[in-house]
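The values are calculated or read from the model by the stated rules, or taken from the named source; none is laboratory data. What you see is a predicted model, and the numbers here were worked out from it, not measured in a lab. Neighbour counts run over all protein chains shown; Cβ positions are idealised from the backbone, glycine included.
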Amino acid sequence: MGNPNVGKSTIFNSLTGLHQHTGNWPGKTVENAVGEYSYNGIKYNVCDLPGTYSLTPNSAEEEVTSEYIITGGYNALIIILDATCIQRNIRFALQILEKVKAKAIICVNLIDEAEKKGIAVDTGRMSEILGVPVIKTAARENIGLDELKNTIESVVTDNYYYADRQNNTYSEKLAEKLYKECCTADTAEPDKKDRIIDRILISKRFGIPAMILILCVVFFITIWGANIPSQLLMVLFVKAGVKLKQLLVCVHCPELIVSALVDGVYTTVTWITAVMLPPMAIFFPMFTLLEDSGYLPRIAFNLDSCFQKAGAHGKQSLTIAMGFGCNACAVTGCRIIDSPRERLIAILTNSFTPCNGRFPMLIAIISMFLIGTDTGIAAAAAKTVILIIVIVISLTVTLLISKLLSKSVLKGIPSSFVLELPPYRRPQIIKVIVRSVFDRTLFVLGRAVAVAAPAGLIIWILANVKYNDTSVLIHLKNTFDPVGIAIGLDGAIIMAFILGLPANEIVLPIILMIYMQTSSLNELPDMEVLKSILTENGWSITTAVCTMIFSLFHFPCSTTLLTIQKETKSIKWTLASFIIPLMTGVLLCLLINIVSGIIM
Amino acid sequence: MCRKTTDLGKAMIGNSYKVINIDNSLQIKNRLKELGFRKGCVIDTLNVGSFGSPLAFRVCGAVIAVRKEDAQEIEVEYHER
């Protein structure tokens, strides 16, 4: 355990070989993680706790830690300190040593970073004063971990080092003494480089423009880079689909089953893979790079004033940033917000942020109806600009709804906001790419495919079961049509969003499948073909805009809903999180439809 | 030597201040103390947000951002580095 962002999870990962997510910002870990490792034939269980500044908890994630520390059930406590910030960290260590009588080891982490900054820590002297073993580590570089394991062994097995802790009563004087005797800094301003970067990235004048620029670059690379692999994948999948059909016919598979498998399941699954995989494989690593570099808390710094005016918490922008990846993860991440009122606001409005499942759909609609299907740099830049506008819209609505909530059902004064801005760290690029592809991309893709396969089958069955000479699918579509058309959509789109409840990724493929019905996909489904399918079914610019707005603002996916239920422990608020975005979307679409009806 | 006291809400970028007192009404007083805002501690002003809030300070080697309203409750005196 230790202060936030000292590298607890990194040490945990290197001890256990697990892959807990790590990131360069305080509050990354919000839940206990348990792992184990063997050393010299003995098995050790290790528990990774969320960071805390003291034993008197101020937020939900800190409560997890102090509860665990006080109730016990462990053999020894590893207190992890940040070598670059000993002066503060040592007070925390003293407080723990005084209150908790269990065996303890102090681990001074980030020693490599401290050395670069000209800070030296005398762990021998520290150990003498405190009466507990003190070890230097640099977990990212794998330095000192063997010594740590060694010490854990001797501390757990013997009563070694347990004796002399009587003078560990917390006092200002002891803290100062420790700092003066154990820590020497070379230069007056050890963090000079960081401060120069900060003078731009969080400055009064350039902070927000720089933030928008960074976002633009990230999305531009995603859109531009995903074009070609997406098309290649589509061509490949269509060819493979034809071959698959031939193969199945060859082995005398009944025609009905061939059609169900290939036209239903296979088509949906491959479309989703082709549309989603390339942008995700580009976006996730870039996002993780930003996260590891230490930029995320700076976004919170830049945007805090806006959130304060909306009666919400500055750290909500951190949860929104997480929402770009996955809303469900972000809802759990809302634990970093101390005040229950503001945390609830952040949870309820999180699904307004378009997650990775919705980006491909937004990008596809933008390229089909607003920019054109050109794959050049200029077109990609134009798409980026529109996507940024879409994100600004989602952010504005998030702030407005937050304001509305804090003025009505969730009244209260905005609580205070204290945020630690971590030092910039050079991300480990290879590690980041490998980890985000395997941990995030494949996970999200797997979930989408798991939902897409049965959904594809359902659509196929609905399209092929006839009632009064028309398929059930058409009957259903006609039932939903009046509602859909009133808000600028149509029955097929509404159906797709309902079927897309388990995973938003499948909405666009389902819309297309409903339009195409049983006709199988033998030609190359490039964007032009898709566009003509949509326009033939009555899509106009208004439909495109309304679909985009509705994809931003509708009910959260089922995983997110379950997470909200888990986090709020209240059916009322889970229902609210379903209804609030839905109402917002319906009203906005209705408005757009009426306005466009007047103009056109 | 004249000892001019002021509050941290008026802090200027590049200046250093010594903490004299934190107002008891501040709900985050304890949190700030844990982070190193304690009497006699010297803090450096690093950045100010786009709308004049929050403010970023260097305290005990770490960078901490505090909203202007909260910073106003911290009484400080100008400190020459």
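Which strands (runs of 3 or more DSSP E) does the stretch A:57-132 wholly contain that include 3 or more residues that are within 14 Å of another protein chain (Cβ to nearest Cβ)?
Fully inside the stretch A:57-132 and qualifying: A:119-121.
Taking the stretch A:416-432, which residues are surrounded by fewer than 18 Cβ atoms within 10 Å (Cβ to Cβ) and of a type outside the set (D, E, K, R)?
Of everything in the stretch A:416-432, those that are surrounded by fewer than 18 Cβ atoms within 10 Å (Cβ to Cβ) and of a type outside the set (D, E, K, R) turn out to be A:Gln428, A:Ile429, A:Ile430.
Based on what the data block shows, is A:Ile592 surrounded by fewer than 22 Cβ atoms within 10 Å (Cβ to Cβ) and modelled with pLDDT under 90? Break it down into steps so the answer makes sense when it comes.
Details: surrounded by fewer than 22 Cβ atoms within 10 Å (Cβ to Cβ): yes; modelled with pLDDT under 90: no.
No; evaluated as a whole, the condition is false for this residue.
Checking A:Ser532 against (1) more than 30 Å from A:Pro229 (Cβ to Cβ); (2) without any contact (Cβ under 8 Å) to a residue 40 or more places away in the chain; (3) surrounded by fewer than 19 Cβ atoms within 10 Å (Cβ to Cβ), which single condition isn't satisfied?
(1)
Take the stretch A:404-426 and flag every residue that is closer than 15 Å to A:Phe307 by Cα, at pLDDT 80 or above and within 10 Å of another protein chain (Cβ to nearest Cβ).
Result: A:Val418, A:Leu419.
Every residue in the stretch A:423-439 that is basic (Lys, Arg) and not in a helix (DSSP H, G or I), please. Working first, answer last.
The initial filter retains those residues of the stretch A:423-439 that are basic (Lys, Arg), namely A:425-426, A:431, A:435.
If the condition is that a residue be basic (Lys, Arg) and not in a helix (DSSP H, G or I), then A:Arg425, A:Arg426 are the ones that fit.
Considering A:Thr10, A:Thr52, A:Thr22, which residue is under 20 Å from A:Pro423 (Cα atoms), away from chain B (no Cβ under 14 Å) and part of a loop (DSSP other than H, G, I, E, B)?
A:Thr22
So how many residues does the stretch A:22-53 have that are among the small types (Gly, Ala, Ser) and surrounded by fewer than 20 Cβ atoms within 10 Å (Cβ to Cβ)?
So the count comes out to 4.
Could you count how many residues in the stretch A:401-435 are touching a Leu at 6+ places or on another chain (Cβ under 9 Å) and of a type in the set (S, T, N, Q)?
2
Filter the stretch A:475-491 for residues that are under 30 Å from the mean Cα position of the chain (by Cα) and in a helix (DSSP H, G or I) and give the result.
Passing the criteria: none in range.
Would you tally the residues in the stretch B:59-81 being surrounded by 20 or more Cβ atoms within 10 Å (Cβ to Cβ) and farther than 27 Å from A:Gly311 by Cβ?
5
Per-residue answers, yes or no, for (1) modelled with pLDDT under 85; (2) in contact with a Gly (Cβ under 8 Å, 6 or more places away or on another chain):
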| position | (1), (2) |
| --- | --- |
| A:Ala328 | no, no |
| A:Cys334 | no, no |
| A:Ser339 | yes, yes |
| A:Asn356 | yes, yes |
| A:Leu370 | yes, no |
| A:Leu387 | no, no |
| A:Val390 | no, no |
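Select the strands (runs of 3 or more DSSP E) contained entirely in the stretch B:1-68, then report the ones holding at least 2 residues which are within 7 Å of another protein chain (Cβ to nearest Cβ). Write out each step before concluding.
Values: elements: B:5-7, B:16-22, B:42-48, B:55-59, B:62-66.
Because the criterion is at least 2 residues that are within 7 Å of another protein chain (Cβ to nearest Cβ), the strands (runs of 3 or more DSSP E) in the stretch B:1-68 that meet it are B:42-48, B:62-66.
Given (1) within 14 Å of chain B (Cβ to nearest Cβ); (2) in contact with a strand residue (DSSP E or B) (Cβ under 8 Å, 6 or more places away or on another chain), identify the lone condition not met by A:Asn45.
(1)
Can you pull out every residue in the stretch A:295-319 that is surrounded by fewer than 24 Cβ atoms within 10 Å (Cβ to Cβ), within 20 Å of the chain's Cα centre (by Cα) and in a loop (DSSP other than H, G, I, E, B)?
Result: A:Tyr295, single match.
Those residues that are modelled with pLDDT of 75 or more and either aromatic (Phe, Trp, Tyr) or farther than 14 Å from A:Leu15 by Cβ (or both), I need them from the stretch A:156-172; list them, please.
A:Thr157
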